[in-house]
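The values are calculated or read from the model by the stated rules, or taken from the named source; none is laboratory data. This structure is a prediction, so every number in the text was calculated from the model and none was measured. With ideal geometry, Cβ positions are generated from the backbone for all residues, glycine too; neighbour counts draw on all protein chains shown.
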Amino acid sequence: MYPLSYVRPATLQEALDCLAREPEARPLSGGMTLVPTLKQRLAAPSHLVDLTRLPELQGISRDGDMLKIGAATRHVQVAESTLVGQTIPGLAALAGLIADPQVRNRGTMGGSVANNDPSADYPAAVLGLGATVISSQRRIAADDFFTGMFETALVPGEIIVGFEFPVPRRSAYAKYRHKATGYAVTGVFVADTAQGVRVAVTGAGPCVFRWHEAEAALANGDAGALATVPLDADELNEDRAGSAAYRANLVRVMARRAWAQLS
């Protein structure tokens with residue numbers, strides 16, 4: 001690793017001031033991607049600004065039909081939260097499937113979503129539930145947040161503070177895990193909401209995406225149509241974990257499994 005300065009601000013404003021003052025500074029949350037990147041000398045920030053203990057980024061609460069989760073909330077806290085389990089069980093189940101116990105005890109929801117790894121689990125829940133990402137500057141709808149591989153709507157100096165999840169009628173997540181990493185070769189989050197069915201797919205493409213054709217089929221209760229509704233394999237990933245055609249089939253299988261959990 002290159003020499004750098006470690007900063008632990010006491011407040012969100014202190015963190016934002018440091019990021020604004022130091023152009024090469026990087027925010028540090030769980031560090032599950034950033035620390036390995038530093039070890040491989042693929043990044044050389046001047047400062048690491050630790051966000052994990054900021055009070056403004058903590059907590060899980062419910063406000064009416066909205067579940068609020070702070071960005072620094074660790075995966076294990078989401079997985080084991082009684083409130084999350086009772087309110088959005090699909091989200092709690094997803095958190096419990098992330099990687100391994102070491103990652104679940106260090107990684108945070110905000111860090112995962114901000115990184116937007118193509119195989120990360122949380123983006124599927126954020127998009128599938130139609131959540132709102134609360135940043136230090138604004139509110140961003142999930143449909144507008146994920147813009148490409150490792151890319152989001154966040155701008156330099158902007159950090160995620162928390163999330164607001166509309167409570168759905170039902171929700172479920174089905175995932176085919178990579179045996180070595182625990183990442184999603186393909187994962188599908190299905191939510192039955194007041195506005196209709198939402199289906200979000202992770203791991204299969206360069207970025208999490210909604211499968212609108214499946215949403216239309218499931219809105220009519222036609223799970224059998226998942227075998228034939230359009231899904232363009234040409235847009236899916238090809239790597240050692242599987243071909244695009246293999247992933248296209250996994251998307252259909254995981255969507256059926258997630259839907260079956262709702263029945």
*asked:* Looking only at the stretch 176-201, count every residue that is more than 19 Å from residue 144 (Cα to Cα) and either in a loop (DSSP other than H, G, I, E, B) or outside the structural domain of residue 225 (by TED's automatic domain parsing) (or both) and tell me the total.
replied: 7
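Residue-by-condition table, conditions (1) surrounded by 17 or more Cβ atoms within 10 Å (Cβ to Cβ); (2) outside any loop (DSSP other than H, G, I, E, B):
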site	(1), (2)
3	no, no
10	no, no
14	no, yes
23	no, no
27	yes, yes
31	yes, no
42	no, no
*Residue count for the stretch 116-175, restricted to those that are in a helix (DSSP H, G or I) and either surrounded by fewer than 19 Cβ atoms within 10 Å (Cβ to Cβ) or aromatic (Phe, Trp, Tyr) (or both)*: 4
*For residue 86, all conditions in the list (1) among the polar types (S, T, N, Q); (2) out of contact with any strand residue (DSSP E or B) (no Cβ under 8 Å at 6 or more places or on another chain); (3) farther than 23 Å from residue 128 by Cα; (4) not assigned by TED's automatic domain parsing to the domain that holds residue 15 hold save one; what is the number of the exception?*
(3)
*Do the conditions hold for residue 49, that is, is it modelled with pLDDT of 95 or more and in a helix (DSSP H, G or I)?*
no
_Can you tell me which condition residue 254 does not meet? The list is (1) part of a helix (DSSP H, G or I); (2) closer than 26 Å to residue 92 by Cα; (3) without any contact (Cβ under 8 Å) to a residue 24 or more places away in the chain, and all the others hold._
(3)
*State which residue pairs qualify: first residue farther than 21 Å from residue 51 by Cα and small (Gly, Ala, Ser) and inside the stretch 104-132, second residue at pLDDT below 95 and surrounded by fewer than 24 Cβ atoms within 10 Å (Cβ to Cβ) in any location, beta carbons under 6 Å apart, and separation of 6 or more residues or different chains.*
119/183
*Selection status of residue 150, in contact with a helix residue (DSSP H, G or I) (Cβ under 9 Å, 6 or more places away or on another chain), under 17 Å from residue 68 (Cβ atoms) and either aromatic (Phe, Trp, Tyr) or at pLDDT below 95 (or both)*: no
*asked:* Going through 204, 214 one at a time, which residue ends up being over 19 Å from the mean Cα position of the chain (by Cα), outside any strand (DSSP E or B), farther than 30 Å from residue 18 by Cα and modelled with pLDDT of 95 or more?
replied: 214
